[in-house]
Amino acid sequence: MSRADLTTAVADGVPGAPRRALWTFGILRSELTTTLRRGRTLVLLGVLAAVPVLVGVAVRIETGDGSSAGPDGPHGPAFLAQVAGNGLFLVFAALSATLPVFLPMAVGVVAGDSVAGEAGGGTLRYLLVAPAGRARLLLAKYAAVLAFCLVATLVVAVSALAVGALLFPVGEVTTISGTRIGLGEGLLRAGLIAVAVAVSLTGFAALGLFVSTLTNSGIAAMAATVGVLITVQILDTMPQLDAIHPYLFPHYWLSFADLLRDPLYWDGIVSDLGLQAVYVAVFGSAAWARFTAKDITA
Amino acid sequence: MRDTAARAVAAEPARRPERGPVIETRGLTKRYRGGQVAVDGLDLGVPDGSVFGFLGPNGSGKTTTIRMLLGLIDPTAGSVRVLGRPMPAAARAVLPHVGALIEGPAAYGFLSGRDNLLRYDRADPSADPRTRGARVDDALDRVGLAAAAGKKARAYSLGMKQRLGLAAALLRPRRLLVLDEPTNGLDPQGMREIRALVRELAAEGTTVFLSSHLLDEIEQVCTHAAVMARGRLLVQGPVADLAARARGRLAVTTPDPEHAVRILEEHGLTGLLADGDRVSADAPPGDVEPADLSAALVHGGVRVRSFGVERASLEDAFLALTGEGFDVAG
């Protein structure tokens, strides 16, 4: 590009090269690959993939002597009792086991670090003078965190499916309602449930993003986000606080089990999605307000 | 080497006299929460095509100023125009033409040097993805990092990280480079290379805004300079003018120092100092011919071993301005 071109471009207020809509997605792809190539992310995903293996092997050892089921009832995660009879149930059992803590913790780490980690590492200032644009960068960051929610959930589901198919028989699925559906439909329901679980993490992801705009320390933001998660989970179990339970983001998380009813029962899922939408709107706006007005001193 | 290059650079501003300042601030002020004023009423003007040295002790407000120029920090009062457009309002149009190294380099340790640059380039929506790979390779080549491009950035030395930061500033042809302490962490050879690179870029027409606390660095590469202390701009202008403000010293070596002092005093010289066989004084005003002084000394019977006017350095100018040592935090 000649200097004359540059001069006119600046004078006209038009960036040097003509903008093409697709180019602006470069930053999103860059966010995704940067997030997924980070060693920490891979360790988190590895831990998530190991959970179904542990559960599957435990159930297998427990039922190896020919008895039909391991300990069930209120002690283990939901669906655990059915795993020995149908490997597909390991998907549901693994998601039930990881949803309360492991999955959101992984999301909290990635969301909390998203802005604060770049600030702490000094790379944030270079992205902003590139210029990435503050709203654009924040949006790309949130999109990458959402993608991580889906990837993390799918890692659990796919690992559980593989382990389940390897260790146990796989066949027709008995729904919670007692009817039987074919394996194909069962797999479809498993996919639907994985997506529902991923979507129910979006509110918490927005909260983590907001926390991440408050500090220049990635560690502090991660710790604060995970701390909020644990606190809210505890509050959600206290019967004295019944009145606020419907407003806590994890309250409807386990309603994904309703997708295993026949016919499908949507009420819990809809409540969950509505609540997540409110959290995304509130904390997304807060993150935007904070990040676009913030002095970048790191 | 130093002199010819400096002169070549000095010729730059005259080449395109019709252009306005590349950076212009009016009453620029930043007051942090808690009331501390980091930058106080700054009126800065960086001429197009100049290599502009931005000097000041640590804590004098240089970095806060640079961050306001680049739209990272909002001013409390005053305005900033970069390339003729207001900042930070026009950041998206202006910043693609500005390369910056701010308060040291920053890289993703788990990415290779090359991947770091690709990420920074992707962050710029106006950068052409079709030329991305070639531009990244050119930038790496330019700062001498091509051989280490595939190495993870966490394995880089401080000097290599500094080069990587410079490469990021050079990803596209820039009209303005803002370089905050660009030779930090480099060995003498690396410093020479970076200074040569700055001169080369300036010769291509890029305006370079260079902050440094190394006075000889500014003297070697800059055509213009500004000096800050405690958030205020003390002075700005062409380097030659700044150095001229600090008057040089007249120095005489003689075995008869008392005699020489008396004669020089009679001729109206001030700031006389005698140290052993060396007598010095503030350089005489322009209308006094030094040769007449020399003749006066000899006629007065002073045996003169050497006689001359020592040119003032930028450091003298700085000391005269601030009355304090350069590395003292303001």
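For the range A:25-293, the alpha carbon convex hull comes to 131 Å³ per residue, rounded to a whole number.
Legend: mean number of C-beta atoms from other chains within 10 angstrom of residue C-beta atoms, peptide A:130-138, equals 6. How much of the pair distance distribution for the protein assembly as shown lies past 35 Å, counting alpha-carbon pairs only, in percent? For the protein assembly as shown, the fraction of Cα-Cα distances above 35 Å is 54 percent.
Leaving ligands and nucleic acids aside, the B/A contact buries around 3900 square angstrom of accessible area in total at a 1.4 Å probe radius.
Determine the shape class of the range A:255-298: with a ≥ b ≥ c the square roots of the Cα gyration tensor eigenvalues, call it rounded for a/c under 1.5, and otherwise prolate if a/b is greater than b/c, oblate otherwise.
Working: a/c = 8.18, a/b = 4.13, b/c = 1.98.
Prolate, since a/c reaches 1.5 and a/b exceeds b/c.
Once you mark the GluC sites (Glu not before Pro) that are in a DSSP loop and have at most 14 other Cβ atoms within 10 Å, what is the longest gap between them in chain B? All intermediate terms of the calculation are to be shown ahead of the outcome.
Details: sites that count: B:Glu18, B:Glu204, B:Glu324.
That would be B:19-203.
The listed residues B:Thr270, A:Thr292, once ranked by accessible area (1.4 Å probe) with the largest placed first, stand as B:Thr270, A:Thr292. The mean accessible area for residues of chain A, using a 1.4 Å probe and ignoring ligands and nucleic acids, is 43 Å² per residue. Per-residue shielding of B:106-114, expressed as the average number of other chain Cβ atoms within 10 Å of the residue Cβ, stands at 4. The magnitude of the dipole of the range B:115-245, with charges of +1 and -1 set on the Cβ of Lys/Arg and Asp/Glu and taken from the Cα centre, is near 440 debye. In the assembled protein chains, A:Val232 presents an accessible area of approximately 20 Å² (probe radius 1.4 Å). The range A:143-168 and the range B:252-276 have their alpha-carbon centroids 89 Å apart.
When a/c reaches 1.5 or more, the comparison of a/b and b/c decides; with that in mind, is the range B:151-225 rounded, prolate or oblate per its Cα gyration tensor?
Details: a/c = 2.13, a/b = 1.31, b/c = 1.62.
The shape class here is oblate.
Computed over protein heavy atoms with a 1.4 Å probe, the carbon and sulfur contribution to the accessible area of the range B:2-244 reaches 50%. Taking only Cα atoms and a 10 Å spring cutoff, compute GNM fluctuations for chain B and point out the largest among B:Arg119, B:Arg163, B:Arg33. Top of the fluctuation ranking is B:Arg33.
With all protein chains present and a 1.4 Å probe, how do A:Trp253, A:Trp288, A:Trp266 order by accessible area, largest first?
On the way: A:Trp253 10, A:Trp288 140, A:Trp266 115 Å².
Most to least solvent-accessible, the answer reads A:Trp288, A:Trp266, A:Trp253.
Distance from the Cα centroid of the range B:70-113 to that of the range B:128-178 is 18 Å (rounded to whole angstrom).
Using just the helices of chain B, give the 222 nm mean residue ellipticity in deg cm²/dmol: DSSP H runs with n ≥ 4 each add -39,500 (n - 2.57), and the total is spread over all residues, rounded to 500.
Taken over chain B, the calculation gives -10000 deg cm²/dmol.
For the options A:Leu90, A:Leu188, A:Leu99, a Gaussian network treatment of chain A with springs between C-alpha atoms closer than 10 Å singles out A:Leu188 as fluctuating the most. Accessible area per residue was computed with a 1.4 Å probe on protein heavy atoms; A:Ile61 scores about 130 Å². Measuring between alpha carbons in the structure, the pairs from A:Lys294/B:Lys151; A:Lys294/B:Lys152; B:Lys30/B:Lys151; A:Lys141/B:Lys152; B:Lys62/B:Lys152; B:Lys30/B:Lys152 lying more than 29 angstrom apart are A:Lys294/B:Lys151; A:Lys294/B:Lys152; B:Lys30/B:Lys151; B:Lys62/B:Lys152; B:Lys30/B:Lys152. Close amide-amide hydrogen proximity is noted between B:Gly53 and B:Leu210, B:Thr223, B:His224, B:Ala225, B:Ala226, each under 5 Å apart and 5 or more residues distant or on a separate chain (H modeled in the peptide plane; Pro and chain starts excluded). Quick check: from the Cα gyration tensor, does chain B come out rounded (a/c under 1.5), prolate or oblate? Note, shape of chain B comes out prolate.
Is there a simple number for the mean count of other chain Cβ atoms within 10 Å of the Cβ of residues in B:91-103, and what is it?
Details: counts 5, 7, 9, 4, 7, 9, 6, 3, 2, 5, 2, 6, 4.
Partner Cβ neighbours, averaged per residue: 5.
Largest GNM mean-square fluctuation across B:Pro105, B:Pro57, B:Pro284, computed for chain B with C-alpha springs under 10 Å, falls on B:Pro284. Axis angle, to the nearest 10 degrees, between helix A:89-98 and the longest C-alpha principal axis of chain A: 50 degrees.
Once the partner protein chains are put back, the range B:124-153 shows a loss of at least 50 square angstrom of accessible area, versus the chain by itself, at B:Pro125, B:Ser126 (probe 1.4 Å, ligands and nucleic acids excluded).
Each residue of the range B:303-310 was assigned a 3J(HN,Hα) from its phi angle through the Karplus expression (A = 6.51, B = -1.76, C = 1.60, θ = phi - 60°), giving 8, 9, 8, 8, 8, x, 9, 8 Hz with x at Gly and Pro.
The values are calculated or read from the model by the stated rules, or taken from the named source; none is laboratory data. Since the structure is predicted, the reported quantities are computational estimates derived from the model, not experimental observations. Here the Cβ is made from the backbone with ideal geometry for all residues, glycine too, and neighbour counts use every protein chain on show. For the accessible areas, the whole protein counts, side chains as well, though only heavy atoms, and no ligand, DNA or RNA atoms are used. Shrake-Rupley method; radii C 1.70, N 1.55, O 1.52, S 1.80 Å.
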